[in-house]
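Here's the structure, in structure tokens; my notes come after.
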Amino acid sequence: MQFFPVAQSREPQKNEADFPRKLKDRLVIVLFLLPALVLFITFVIYPIFRSIYFSTFNWKGFGPAVDYVGLDNYRKILTDTVFLKAIKNVLIIITLSLGLQLPLALILAVMVGRDLPGRSVFRTIFFLPYVLSEVNTAIMWMLLYNADPERGFLNAIMTLLGLQPVAWLADMNIVIYAIFFTLTWKYFGFHMLLYLTGLQNIPKEIEEAARIDGANAVQNFFRITLPLLSSTLKTSVYMSILGSIQQFIIVWVMTRGGPVNASETMATYMYRYGFVRFQLGYGSAVAIIMFLFCMIFSLLYQALTRKPDYLTGL
Amino acid sequence: MKRPSNFTKWLRKYYSRIIIYTFLVITTILIFIPIVILLFGSVKTTGQMYSHPYSIPNPPNWDNIINILSTPSFWTMMKNSLVVMLSTTIGAVTICAMAAFVFARLKFKSKGFFFNLLSAGLMFPINVAILPVYFVLRQMESFGIPMIDTLWGVIFVQIAFELSGSILILRGFFTAVPSELQDAAYIDGCSNFDFFWRIMLPLVKPSLAAVAALVMIKSWNDLLVPLIVLNSNHLWTLPLGTMQFQGQYGQDLALISAFVALSAIPTIIFYFVAERQIVAGLTAGAIKG
């Protein structure tokens, strides 16, 4: 209050100035929200409904959509083996992310910890891949994965070790794991960063108290650190799964979903039908299915865990 | 009695440090391998790339770099990327700051509804929305609003899909400003606008910088939106150009390396300059909101 010594003297004038000021304040609310809402409704909400509409047509994008097929597109998609393969690939990526990528990020975060000398250097380095663009990441890894041991670094190492070179991106059984490795390279730093921030919010005293009470490092980690990190972990798991569901650019640039759909994801499947084959009705149905996956997952996740902090409403 | 226990303690600490550093250094090497091979490749001739693909280029050959830097199309892409990035960032930060301020500080009916509506956008990421968005762009085009094959189309879509995340982050920052300030300002006769403009904005400047840095990175790296919106070569952004370049010269690994290196270097420099802001924005977005 002492910053504003004139506060009292304004009181008497309040009544006569009240009306225009209130109006002005209302106007601020409307004008401040308007741009965000207009853009959001035009480019986010409305497209959903437009897609739902188109998804019931067999429509190639020329002229108006007239060939109404009801839910036929959805039936076709959900029985298409390629789409089921895409779902399977997404599930593989999710499983590997939760089983390998996030634990790795957690281990690294705990190692870097609070006060390891060189902490900030490692943080900077580990997070670097995250800021590189997905195209550049994909091309960089295509160079490494080159099947020819004369050209590809990984196969050069394989031959050096006396092993057979592997066609990383051309082998139907390996390609999805090769892509996962690239995804891990790019994204583990982001999760590590989250964990580092979470770890920093755990008071040092708690861990010290546990240590004095005789807890060893392993007990300390599982009984103290992990539970106190749970809200960060929930956020990180949520983002990892949502990210896996919509994985697109890296896969598309590296393999176009191939060979023979072996690395297809839902997003590459949608892109192929929407923008390559121009079956816009069918593609819309894929988009709506993906949207439903994201929505159902988000709502279930919120219901099953406590809300991830950033989704907390008012 | 005490000495050996102290010594073993010291030894244990020492050992664990060695194990930790070994692990961290191995990870560091794994992170740098693709980047270093790329940088090496960018200063090799195509012949060197085939005969010694992963050796240190000695002497470095700058031909590919010079070639790319002397093509006008590279600079056009750079310029387009800059235009899109700056417009998206300025637009997104302005619009999100205004909305976040209203959600954090002002009271009105149906505030909860609008806020939840905007937050729901997080469940509809751009990779999923791209085809639906394309329909709307085409529809706007048919109404005479030029959205396809213009940078405006890219900018508007990028801003629209930044809204949910950035408003959440900024709302958190605006909420953190003590409410006594607001009371004092209103008693002093500040209008909502004055309060926003004169008191809030200067206070949250660092947070605006964090959000801006995040939006800049995302916009600069974005491939998907330019990919579906832009057709003409002279409008391509750097990531889109990189992808097309890779499709065109896919066999010339040295030339590709040079191009990718040149397009990655601005990002890396920006990262080292603005790391603090980027990290602040990301962790606030994911942890606090």
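The values are calculated or read from the model by the stated rules, or taken from the named source; none is laboratory data. For clarity, every value in this text was computed on a predicted model and none was experimentally measured. Please note: Cβ atoms are built from the backbone with ideal geometry, for glycine as well, and neighbour counts cover all protein chains shown. Surface areas here come from the heavy atoms of the whole protein model, side chains and all, with no ligands, DNA or RNA. Shrake-Rupley method; radii C 1.70, N 1.55, O 1.52, S 1.80 Å.
Magnitude of the Cβ-charge dipole of the protein assembly as shown, K/R +1 and D/E -1, about the Cα centre, nearest 20 debye?
1280
Summed for both chains, how many Å² of accessible area, to the nearest 100, are buried between B and A with a 1.4 Å probe?
Counting both chains, the buried surface is close to 9500 Å².
Nearest 20 debye, what's the magnitude of the dipole of chain B about its Cα centre given +1 on Lys and Arg Cβ and -1 on Asp and Glu Cβ?
The calculated dipole for chain B is roughly 1460 debye.
Round to a whole angstrom and tell me the spacing of the C-alpha centers of the range B:240-279 and the range B:7-29.
Their Cα centres are 35 Å away from one another.
How large are Rg and Dmax for chain A when calculated on the C-alpha trace, in angstrom?
26.2, 90
State the three equivalent ellipsoid semi-axes of the range A:166-303, derived from the C-alpha gyration tensor as the square roots of 5 times its eigenvalues, in descending order and whole Å.
40, 19, 10
Can you tell me the length gained on complete extension of the stretch B:ASP194 to B:ASP252, counting 0.36 nm per residue apart and subtracting the Cα distance?
The span from B:ASP194 to B:ASP252 would gain 15.0 nm if fully extended.
Counting only Cα, what are the radius of gyration and maximum Cα-Cα distance Dmax of the protein assembly as shown, in Å?
26.4, 91
Which entries of A:LYS234/B:LYS111; A:LYS234/B:LYS205; B:LYS107/B:LYS218; A:LYS186/A:LYS234; A:LYS234/B:LYS107 show an alpha-carbon separation above 22 angstrom in the structure shown?
Listed pairs above 22 Å: A:LYS234/B:LYS111; A:LYS234/B:LYS205; B:LYS107/B:LYS218; A:LYS234/B:LYS107.
What is the local net charge at A:ALA215, summed over the other residues whose Cβ is closer than 15 Å to its Cβ (Lys, Arg +1; Asp, Glu -1)?
Result for the neighbourhood of A:ALA215: -1.
Show me, for the range B:57-72, the HN-Hα J-couplings you get by feeding each phi into the Karplus relation (A = 6.51, B = -1.76, C = 1.60, θ = phi - 60°), rounded to Hz, glycine and proline as x.
Per residue, the Karplus-derived 3J(HN,Hα) values read x, 9, x, x, 10, 8, 4, 4, 4, 5, 4, 5, 5, 9, 8, x Hz.
State which stretch of chain A is the longest one without any exposed trypsin sites (Lys or Arg not before Pro), exposure meaning a DSSP loop state and at most 14 other Cβ atoms within 10 Å.
A:115-276
Treat every Asp and Glu Cβ in chain A as -1 and every Lys and Arg Cβ as +1, leave all other atoms uncharged, and give the resulting dipole magnitude about the Cα centre to the nearest 20 debye.
Value, rounded to 20: 520 debye.
Compute the distance from the alpha-carbon center of the range B:46-111 to that of the range A:123-164, in whole Å.
For the range B:46-111 versus the range A:123-164, the Cα centre distance is 22 Å.
Please go through the range A:52-81 and write out the chymotrypsin sites (Phe, Trp or Tyr not before Pro) that DSSP classes as loop and that have at most 11 other C-beta atoms within 10 Å.
A:PHE62
Between B:ARG138 and A:LYS60, what is the label-to-label distance in nm when each label sits 7 Å out along the Cα-to-Cβ direction?
1.3
For the pair B:LEU86 and A:ILE296, how long in nm is the line joining their label points, each one 7 Å along Cα→Cβ?
Rounded to a tenth, the inter-label distance reads 4.7 nm.
Based solely on its DSSP helices, what 222 nm [θ] is calculated for the protein assembly as shown when runs of n ≥ 4 H residues each add -39,500 (n - 2.57) and the sum is averaged over all residues, nearest 500 deg cm²/dmol?
-22500 deg cm²/dmol
Using the charge dipole of the protein assembly as shown (Lys, Arg: +1 at Cβ; Asp, Glu: -1 at Cβ; taken about the Cα centre), state which of A:ILE45, A:GLN219, A:LEU104 has its Cα farthest towards the positive end.
Result: A:GLN219.
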